[in-house]
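In what follows, a single structure is set out as structure tokens and then discussed.
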């Protein structure tokens, strides 16, 4: 839930900080939620054995068709 809360769309941003009338007219790409944060590395540690891998955002972003870890 923590990571999911950082995912917003352009419409979400416009509704929160801009003009709600402009937000109502947004379509397609503007509705897609994206991860906006300064998260560089996610280390789940030893407490969650099935998720004990460390992911580096920059390594995933350079892939032509990145498959983001399910938790992201």
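Odds and ends about this structure:
- The length gained on full extension between residue 34 and residue 56, counted as 0.36 nm times the residue separation minus their Cα-Cα distance, comes to 6.2 nm.
- Ranked packing of 8-15, 21-28, 58-65, most packed first, by mean Cβ within 10 Å: 8-15, 21-28, 58-65
Values in this text are rule-based calculations from the coordinates and carry no lab data. Keep in mind that what you see is a predicted model, and the values were worked out from it rather than measured. Glycine also receives a Cβ, built like all others from the backbone with ideal geometry; neighbour counts cover every protein chain displayed.
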